[in-house]
Amino acid sequence: MAKIKTSKGFFEYDNQILYFGDKVMNTDKMLENLHILSVYLDKIDINWGPAFGTLIGIIRNDDFQPWKPVFDIYILKEDEERFKDILWLLREVGFNLARYERRGRYYLERGGEFFKIFVLQKISTELRHTGSTDFIHEKYLQNTVKWNFKGIDLNVPQEVDEYLSFQYGDWTVPKQTVWYKKSCVVRMYDRFKYWIMDHVPDNIYFYYTYLRRQRDFNIFKEKCTRAGIPLPNNVQLANMQPRKYKKILTVGVYDLLHKGHVELFRRAKGLGDYLIVAAQDSDYILKYKPNAKVLNSTEDRKYMIKSIRYVDEVITYTDVDKIVQDVDFDVFVTGPDQCHSGFQRAIKWSEEHGKEHVVLARTDGISSSELKARIANKLVKTNV
């Protein structure tokens, strides 16, 4: 059995070498699967939607592509950890992880129908890479609208015609460009190739992937130039190999330490090997927010945080966009509510300097503000 690391532990699965050949999609079953999958993806509040040929079929025909045996979906690299966490829940409703590829590819199967999920990784603030031959401008992923497909709301680019025309030319004319049926010799070669790629060390795997995709990237750059939207010279395809020893950074106030914070630290630690927690300085908070009610001193908060077994190091910070420049880390972890301008600058700096950014969802039913409100209500009742 193969396994991948999630914040909930190692998820075991049977890593298959898939061949779709003459497979014809059972559209009724696929629609049922898409309904179920969409509920779970929407629940974790990530950016996802139909990709590539699947998107064309939905926009052009309001239907599945007749020659595609799988349904293509994109997710963003910063949402990958949240996606991995729901694999446990998806298994309970009949989904199986049939295959995982280190370049950022998941194959989910349910009832004989397959979803191919592409993890889109940033190579600049304006561009993402699929780990394969395709590159996508960030604006088409961030500026989206809801498209109702057979009762399911899907994210599609707001400028969908512009996007599809750039990627595929005249996309309004049905044209099959990918064939899944292969000869026995090619099938044997593919099985051997994928077996090798599944078992080689990371340094060989990612270097080989980098060399293959460099050619595709050069083609894409020429395509952008012809379209009148040339890429900056400093945009380059980077080696996607993750560091062996990953340092994780997360920041916050952590005044009323509670279960949600502990869960955040546990899940953040699951993304790497060394967790750094930065607690914001009390004097700095009060300087800019005189009415803020910080109950514990900076040192007391750091003392409590350090006592949590998932935390390796506790530091103090003032501005979040400064601390990311002062600390050595690989992954910057934030919560969904950490989105003010300072965090936006910190996230942008992190991405531009080769750091990962991961958003971890809040623990349901608990937050510092809710906890303070409950304490206040109890005090009022006591005084009455």
Checklist entry - Can you sort Lys181, Lys302 by how many other beta carbons sit within 10 Å, fewest first? => result Lys181, Lys302
Item to check | Karplus (6.51, -1.76, 1.60) ³J(HN,Hα), θ = phi - 60°, over segment 294-309, in Hz, Gly and Pro reported as x | outcome: 9, 7, 10, 5, 4, 5, 5, 5, 5, 4, 5, 4, 4, 6, 7, 5
Checklist entry - Suppose R0 equals 22 Å; then what is the FRET efficiency for Ala2 and Lys193 from their Cβ-Cβ distance, rounded to the nearest 0.05? => result 0.80
Checklist outcome for this item: If the chain between Lys146 and Val178 were fully extended at 0.36 nm per residue, the gain over the current Cα-Cα distance would be 8.8 nm
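Averaged across orientations, what area in nm² does the convex hull of the alpha carbons in the chain project? Display every interim value, and only then the final one.
Working: hull surface 90.6 nm².
Across all orientations, the chain yields a mean hull projection of 22.7 nm².
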Checklist outcome for this item: Beyond 19 Å, the calculated P(r) of segment 247-374 holds a percent of Cα-Cα pairs equal to 47
Checklist outcome for this item: Shape descriptors of segment 2-183 over alpha-carbon atoms, Rg and Dmax in angstrom, are 15.8, 46
Checklist entry - In this model, which of Lys5/Lys259; Lys43/Lys322; Lys139/Lys181; Lys8/Lys150 are farther than 29 Å apart at the alpha-carbon? => result Lys43/Lys322; Lys139/Lys181; Lys8/Lys150
Next on the checklist: Less than 17 Å apart at the alpha-carbon level, and either on another chain or at least 8 residues along: which aspartates and glutamates does that give for Lys122?
Outcome noted: Glu78, Asp79, Glu80, Glu81, Asp134, Glu138, Asp216, Asp330, Glu351, Glu352, Glu356
Checklist entry - With the contact rule set at Cα under 8 Å and sequence spacing of 6 or more, what percent relative contact order holds for segment 247-374? => result 31
Next on the checklist: Which three extents, in angstrom, do the Cα atoms of segment 14-118 have along their principal axes, listed largest first?
Outcome noted: 32, 29, 27
Next on the checklist: I'm checking a number: the convex hull volume of the Cα atoms of segment 187-288, normalised per residue, in Å³. What is it?
Outcome noted: 222
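I need Thr298, Thr130 ordered by Cβ neighbour count within 10 Å, fewest first. Please list the in-between numbers first.
Working: Thr298 17, Thr130 21.
Fewest-to-most ranking of Thr298, Thr130: Thr298, Thr130.
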Checklist entry - Nearest-5 percent of antiparallel DSSP beta bridges in the chain? => result 55
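Read-outs: derived from the displayed coordinates by stated rules, not from any lab. No experiment lies behind these values; they were computed from the predicted model shown. Glycine also receives a Cβ, built like all others from the backbone with ideal geometry; neighbour counts cover every protein chain displayed.
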